[in-house]
Structures are given as structure tokens and as C-alpha cells.
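What follows is one structure encoded as C-alpha cells, with my remarks underneath.
The numbers here are math on the coordinates, done by the rules we state, and not lab data. All values derive from a computational prediction rather than experimental measurement. Cβ sites come from the backbone with ideal geometry, for glycine too, and all protein chains shown count toward neighbours.
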Amino acid sequence: MIWKRGIAKLADTATEALAETLWPTRCAICDMPGAVLCERCCAELPYVDWWRACKRCGSPFGLVQCDICNPIGLSRLGIDRLPFEACASAVHFCGDTGQIVRVFKDQGEQRLAVDIALIMARIIPPEWDYEAVTYVPATLSAFRYRGYDHAELIASALADRLGVRHIPTLNRPRTRDQRKLGSKERISNLAGSFAPRDDPETARSLILVDDVLTTGATLCAASQALRQSGVEQVRCLTFARV
Ligand SMILES: [Zn+2]
Ligand SMILES: [Zn+2]
């Protein structure tokens, strides 16, 4: 049996080497062969300046006066307080970062999950308290289309990096397509759309991962479901922020 496994492993390695020769790994942004995201492109990403961002909601220029987590901003989201302790995003959503997300989600380059998770891990504020990492689950149709849950891949890689557990906590029943809705409609469309899993592993404090923050409605709805299921502290972390 051992020699059979050895031969199978050799065959896998040979197949990988052949595939790499025929279709070399290329940078998602500049197309240079060698890595799914080259060092130069990674260094030049439009990182969010954490010193100018709101420490509560992560709004990139909200340190002095936040335009999101004040009573007027929250009323636009249809809520009176944020259901999470904090939120942070690594990069601004733009052409290059959008390209990374597209190659990862729509072109099936799952290896980018590790690079994305590394970038996210670097910006976690030292004061954040977390026992485990969880994620915003993809819609059923997105999961069927891609064959994998993109946020789960990021959460898994991030948990490995941080040395904590990665736990699935939420299910996602059907909702209308969010892309055609405004902020308030997104919240009401999402209200109750996340349900705790039947037998989730528990954690007192969690990092909730998603790829892109658009209006914050999805993270609010998922955080609310986690709080209702008994999680005491939720801190949201996304790769990009619109
Ligand atoms: Zn590159
Ligand atoms: Zn804020």
C-alpha cells in the first residue's frame, strides 16, 4: 500500500509540474509568471490607512468624524447601533483589487485565498480579541456556480495564519439578489436571512470574514445572527472595501 501511495504522489507531482509548464501560474494583476500575486503588485495595493480609519466601523477616513456609524449614517442602514464590536478592511476596492477578487471568485484561482488571508491578517488591530474565525457563507446559487465557498477558503487560511479555529457558524437561506438594492433594502432583504447552524462549534468571540464590504448590510445581518446565537463579540474583517 505504501508504495502505491508513493507512486500516486509521484504521479500527482509530475502532473502538477506538467500543468505548471503548460499553464504557468501568473499574477492576477500584472500576469507575470511565478505567483498568483507577485510581490510588487502586492506591495502596491491601495491599502486602507488604519490611522485615518474609524476604529468602530472601519470607514477609511472616519477617525475624526465617521460618516457611517453616527445616528444619521446608521439610520440609512435601518439600524440604531452596529451589531459588531469593530470592522476593518485591508484595501480599497478599485481596478486592481477588484481584479484579484474576480480572478479568485470567477476564474477559480482558489490559491489566492492564502494571499488574501495574509494581507488581511497583517491589518488586524492588536487590541482585537478573538477565539476563532468564521465567515459570511455564500448564497446557495453562488456556491453551486463556483463549487466552493470563497469566504470559507479565506477564513480557513486566515485561521491557519492566526493559529485559531476556523468554524462554520451560519447558514444562508434564499434572498433576493443584493446588487440591485439600496442600503436600507439590503438590510431588510437580509433580515433573518442568516440562520445559525444546527450544531455549531461555539466561541465567545469571533472574527467574521467576507471578501468585499459594499454597504455593510451583509456584515450587519450576519453579525446580528451570530449575536442572537450567543456569540458575545463579533469583529468583522474584509479584504476590500468599496
Ligand atoms: Zn503582479
Ligand atoms: Zn465609524
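Computed from backbone phi, the HN-Hα couplings of segment 210-224 come to 9, 7, 10, 9, 9, 10, x, 4, 5, 5, 5, 5, 5, 5, 4 Hz, rounded to whole numbers (Karplus: 6.51 cos²θ - 1.76 cosθ + 1.60, θ = phi - 60°; Gly and Pro given as x).
Sparsely packed loop sites in segment 70-134 (the GluC sites (Glu not before Pro) outside DSSP H, G, I, E and B with at most 13 other Cβ atoms within 10 Å) comprise Glu127. Peptide packing: for 62-71, 201-210, 149-158, the average count of neighbouring Cβ atoms within 10 Å per residue gives the ranking 149-158, 201-210, 62-71, highest mean first. If the segment from Asp129 to Gln107 were pulled out straight at 0.36 nm per residue, it would be longer than the present Cα-Cα gap by 4.5 nm. Near Ile100, once Lys and Arg are set to +1 and Asp and Glu to -1 for all other residues with Cβ below 15 Å from its Cβ, the sum equals -3. For segment 198-222 and segment 76-144, write down the distance between their C-alpha centroids in whole Å. Centre-to-centre (Cα) distance: 10 Å. Positive contributions from Lys and Arg (+1) and negative ones from Asp and Glu (-1), summed over other residues with Cβ under 12 Å from the Cβ of Ala86, come out at 0. Within the shell defined by Cβ-Cβ distances under 12 Å, the residues around Ala155 carry a net charge of -3, with Lys and Arg each +1 and Asp and Glu each -1.
Loop-resident trypsin sites (Lys or Arg not before Pro) (DSSP state other than H, G, I, E or B) in segment 69-145 with no more than 10 further Cβ atoms inside 10 Å of their Cβ: Arg81.
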